[in-house]
1. Using the scaling law 2.2 N^0.38 Å as the reference, what is the normalised Cα Rg of region 84-131?
2. Can you pull a Stokes-Einstein diffusion coefficient for region 125-213 at 4 °C (1.567 mPa s), Rh from Kirkwood over Cα pairs, as a whole number of µm²/s?
3. Taking amide hydrogens as modeled 1.01 Å from N in the peptide plane, which residues meet the under 5 Å criterion relative to T49, leaving out close sequence neighbours?
4. Starting from the Cα-Cα distance between K84 and N113, subtract it from 0.36 nm times their residue separation and give me the gain in nm to one decimal.
5. I'd like the projected area of the chain, averaged over all directions, using the convex hull of its alpha carbons. Report it in nm² with one decimal.
6. From the phi of every residue in region 95-102, what ³J(HN,Hα) in whole Hz does the Karplus formula 6.51 cos²θ - 1.76 cosθ + 1.60 yield, where θ is phi - 60° and glycine or proline is x?
7. Which value in nm describes the separation of the simple spin-label points at E280 and R298, placed 7 Å from the Cα toward the beta carbon?
8. May I ask for the Kirkwood hydrodynamic radius of region 34-183, worked out over all distinct Cα pairs and given in angstroms to one decimal?
Amino acid sequence: MFSLPNKVTIIEVGPRDGLQNEAKLVPAEKKLEFIHALQEAGIEEMELTSFVSPKWVPQMSDSKEIVSAVQKTGRQFVLTPNEKGIASALDAGAQAVAVFVGVSDAFNKKNINKTTAESMETLKPLVLKLKQDGVFVRACISTAFYCPFEGAVMPDDTVSLCRQFTEWGIDELSVADTIGMASPKESYDLFSQLAEAFPSVMLTAHFHDTRKMAIANIYAALQAGISRFDSSAGGLGGCPFAPGATGNVATEDVVNMLHRLGIETGIDLDQLCAAVEKIEPYVSHPIATGMYTLFKNRK
């Protein structure tokens, strides 16, 4: 049997990635109840919100309120697309920022109207300045396996993009199967390659569950030595700029699998499901993930 880690860190992305695509605005106080319930369940790292234009992502228009009001425990990220977003995030008291770029040009153009190379040229001075100022920086790598417009993405292209970030001193790489098309073999192969290439950088795997392969892909990444995973409570979310990208893998289902494997997470599964219960009335569809359904049926 492959060697598996003894402990895994879950980075909860529900408050940002999970809610950003909801058509009905979720009140800030309900987002904060959700966030605090997740923290009480044992979540220590979380993506809280994003400092983006409300014109494009109206659900995140309360980002300053969220950052200023949330309990400051563990490492909390905010997503920042540009210099203005970074400045606003830091002014609001954000302690760590995430930047993002797609490996494929077509996805990047649809998302922020720049090629990948143009995005990297813009990001470089921003990342270097953040690191000079001692800010924790996470790079979110979209379409690391497949692009909805270009198809398969070559692993070497993903590794090359990640290498540029590591040369700038990035703290963490979150590598995403944005449209949920990766297979367990592709997951194992790419994350093995990344782990070998960047042993001193935090590597995080981010899987969407479009084809119900996310749990299998996480297990394959565990086998490749990855011990950090993004997930979204209730399986909420999806990328508004990636056709076919349905929800993220559900945190409660990931935690259940890890616990069954004897891997420590520090998360209380029942409390996690209780956090999902708090946000369910405010999202546009019933939540029916495996562990959450069992939780509700026991009540």
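1. In units of the globular-protein estimate, region 84-131 measures up at 1.24.
2. My calculation gives 96 µm²/s for D.
3. Answer set, sorted by chain and number: L79.
4. 8.8 nm
5. 13.9
6. 9, 8, 10, 10, 10, 9, 7, x
7. Going by the 7 Å Cα→Cβ label model, 1.4 nm.
8. For region 34-183, inverting the mean 1/r across all distinct Cα pairs yields 16.1 Å.
All of the numbers you see were taken from the coordinates with simple rules; none came from a lab. For clarity, every value in this text was computed on a predicted model and none was experimentally measured. Glycine gets a Cβ as well: all are built from the backbone with ideal geometry, and neighbour counts include every protein chain shown.
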